[in-house]
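The structure appears right after this line, and notes come after that.
The values are calculated or read from the model by the stated rules, or taken from the named source; none is laboratory data. Just so we're clear, the structure is a prediction, and the values are computed from it rather than from any experiment. Reconstructed Cβ throughout: ideal geometry from the backbone, glycine too, with neighbour counts over all protein chains shown.
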Amino acid sequence: MKTRMLKIEGPGKLALVEKDLILEDDEVLVRTFQSSICGTDKMYYRGEMPPNEKYPLFIGHEGGGVVEAVGSKVHEYQVGDLVMSFSRSCTFADYFKTKPINLQPVPEGLDMRIASLGEPLACAMHSVLESGVQIGDTVAVMGMGFAGQIMLQGARRKGATKVIAIDILDGKLKLAEKMGADVTINPSKEDLYQAIMGLTDGKGVDVVFEAAGTQESLNACSTILKHNGHLVLYSWITQPVTLNLHRWHQNSFKVITTTLVHHTKYERMVWTEKAMRPFQQGLIDVEPLISAEFKLSDITEAFEEAVNNDEIIKIIIKP
Ligand SMILES: [Zn+2]
């Protein structure tokens, strides 16, 4: 099967190459309905490589589509099944192939536009479900990108009485307000610590989600969390950072790492159905988080926009 596929040749260097996909016995061939750009794809584009990875690379892990063919040893899927990608399957392509374990079935009745965002949605929702947020809590979300906006809505649904959105970009805070944030704080304009203490009688928040992925945001999280609070770590940080762990120990934080796809694949298979349920039930608003749509042939422009326009939340790519 011939397909166009995105190849990243080096920092800022993308090429849409023609590839012939040869299906192995234990693989599934998927016709792409939609893929999308993740924060981690932007890292590869910017040259912020994690250890042990080298260019050239074929990236793209978010996406969904229709099963076009299956190898003779595949029993999990049939031609015509709707699936979501949960691993690096090179989804920036007309077609992609992968092992069945890297896919999940699309939940019954879920629109393909939302289902194709299954991986980032399930990861963010798993974070919400595992965060320990309880009725009556005050919750802070650090970083109002795609995941942060889901966490904000999820924390509200779990019964948080006050949800505080934090970001250094006003556009993202404005969207957070629309998504239901009670308070928004821009730490580049006001003192975050003072603002949080003012909102929590000097105690700090019950739960903080770290979804910004910088040294500053991680350290800020540990200043605004209350004694014994839940520090929910979501971001993937590929570069070394310096952390002040004093309060992690002294105030006995409960630290939880929550990105679903970094748990075992078997755990992911168990969790995905539950993590996708709130989207299936229409409890979380996803459509406002889709900032732009590009054609696969315009993928270079899409990456440029994703990297240079700070107000962008999620860009989707259609073959
Ligand atoms: Zn992702």
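Assessment of region 80-88 against the conditions (buried (at least 19 other Cβ atoms within 10 Å of the Cβ) and of a type in the set (G, A, S)) yields at least one matching residue. Scanning for something away from the ligand (no atom under 14 Å from the Cβ), under 24 Å from S291 (Cα atoms) and either in a loop (DSSP other than H, G, I, E, B) or within 22 Å of the chain's Cα centre (by Cα) (or both), does region 26-33 turn up at least one residue? The answer is yes; a qualifying residue exists.
Could you go through region 74-88 and let me know if any residue there is hydrophobic (A, V, I, L, M, F, W, C), more than 22 Å from I317 (Cβ to Cβ) and more than 16 Å from the ligand (Cβ to nearest atom).
yes
Inside region 34-72, residues that are assigned to a strand (DSSP E or B), modelled with pLDDT of 95 or more and over 19 Å from the mean Cα position of the chain (by Cα) make up a count of 5. Taken as a whole, the structure places T223 among residues that are outside any loop (DSSP other than H, G, I, E, B), away from the ligand (no atom under 16 Å from the Cβ), at pLDDT 95 or above and not charged (D, E, K, R). For region 228-245, filtering for residues that are buried (at least 18 other Cβ atoms within 10 Å of the Cβ) and hydrophobic (A, V, I, L, M, F, W, C) leaves 3. Scan region 34-73 for residues that are more than 17 Å from I317 (Cβ to Cβ) and away from the ligand (no atom under 13 Å from the Cβ) and the total you get is 18.
Looking only at residues that are touching an Asp or Glu at 6+ places or on another chain (Cβ under 7 Å) and of a type in the set (S, T, N, Q) in region 108-153, which one is farthest from V183 (Cα to Cα)? Walk me through how you get there before you give the answer.
Initially, region 108-153 is screened for residues touching an Asp or Glu at 6+ places or on another chain (Cβ under 7 Å), giving 117, 119-120, 137-139, 142-144, 153.
Next, only the ones that are of a type in the set (S, T, N, Q) stay: 138, 153.
On the way: T138: 11, Q153: 13 Å.
The qualifying residue farthest from V183 (Cα to Cα) is Q153.
Cβ-Cβ distances below 8 Å connect the following pairs, each with a first residue in region 148-172 that is at positive phi, a second residue that is of a type in the set (A, V, I, L, M) and surrounded by 24 or more Cβ atoms within 10 Å (Cβ to Cβ), and a separation of six or more residues or different chains: G159/V133.
Reported count of residues in region 248-274, each being of a type outside the set (D, E, K, R) and at pLDDT 95 or above, is 7. Give me the residue from region 99-139 that is in contact with a His (Cβ under 7 Å, 6 or more places away or on another chain) and away from the ligand (no atom under 16 Å from the Cβ) and, out of that set, farthest from S87 (Cα to Cα). My answer is G132.
Scanning region 182-239 for residues that are within 23 Å of the chain's Cα centre (by Cα) and at positive phi yields a single hit, G213.
Taking residues in region 39-52 that are touching a residue at least 40 places away in the same chain (Cβ under 8 Å) and of a type in the set (A, V, I, L, M), and partners anywhere that are in a helix (DSSP H, G or I) and within 13 Å of the ligand (Cβ to nearest atom), the pairs with Cβ atoms closer than 8 Å and at least 6 places apart or on different chains are M49/M43.
Evaluating T259 against the criteria (1) within 14 Å of A124 (Cβ to Cβ); (2) in contact with an Asp or Glu (Cβ under 9 Å, 6 or more places away or on another chain); (3) among the polar types (S, T, N, Q) leaves one unmet condition, (2).
Out of all the residues in region 176-185, is one or more crowded, with 20+ Cβ neighbours inside 10 Å, modelled with pLDDT of 95 or more and either charged (D, E, K, R) or more than 29 Å from M276 (Cβ to Cβ) (or both)? Within region 176-185 (the criterion being crowded, with 20+ Cβ neighbours inside 10 Å, modelled with pLDDT of 95 or more and either charged (D, E, K, R) or more than 29 Å from M276 (Cβ to Cβ) (or both)), the answer is yes, since at least one residue qualifies. Counting the residues of region 246-265 that are without any contact (Cβ under 8 Å) to a residue 60 or more places away in the chain, surrounded by fewer than 17 Cβ atoms within 10 Å (Cβ to Cβ) and not in a loop (DSSP other than H, G, I, E, B) gives 7.
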